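The structure under discussion appears below in the form of structure tokens.
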């Protein structure tokens, strides 16, 4: 595996009809987008056949670009359980395509990805796409799934490069204390939700 100064990341926005992917090259901590595209799957095929196609097509992309790491957008919790289940299966197939090549997989929530790019975890897909276009002028894409995949790769780089910086023993404690503070604040503001 290449060191953190020079590596290739594949970002994936899983989907069973349209799946976004991006390839970024990290050179001395600078993100250089290489590919921004989508894979489309035939909606007339049954779900299991589409899962097989997802594995095959993503495996081809992985073999072509030989990434060092895969960053995936985690499924969000929606109201439609069947859609979530299908999306979770697609995500698992994406993981398998990477893991079968010994590529480590990292998963990020949509909220964290939006926060990393726009500074707002509730930003729209259009806002994320617009911010990426201002960060990387000349990006050419028509699908928000592709820009979501790029956002996932950029988020991953931001998360892992900050982890690589020396924390002097204080980074993790601060994070834990912040989480504890969040729970204390939640409990204080919502006493009726405790049983």
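All of the numbers you see were taken from the coordinates with simple rules; none came from a lab. All figures in this text were calculated on a predicted structure; none of them were measured in a lab. Backbone-built Cβ (ideal geometry, glycine too); neighbour counts: all protein chains shown.
Side notes on the structure shown:
- Each residue in 108, 48, 143 was given a count of other beta-carbon atoms within 10 angstrom of its own, and listing them fewest first yields 48, 143, 108.
- Across the stretch 6-164 the C-alpha pair distances fall into 5 Å bins from zero in the proportions 2, 10, 20, 24, 21, 14, 7, 2, 0, 0 percent.
- Orientation-averaged projected area, Cα convex hull of the stretch 1-67 (nm²): 4.6 nm²
- Relative contact order (percent, whole number), the stretch 1-99, Cα cutoff 8 Å, 6+ residue spacing: 31 percent
- As a proxy for reagent exposure, 160, 49, 43 were ordered by neighbouring Cβ count within 10 angstrom, fewest first; the result is 43, 49, 160.
- Neighbour counts of C-beta atoms inside 10 Å place 81, 24, 61 in the sequence 81, 61, 24, starting with the fewest.
- Descending semi-axes in whole angstrom, ellipsoid equivalent of the stretch 82-149, from the Cα gyration tensor: 25, 15, 12
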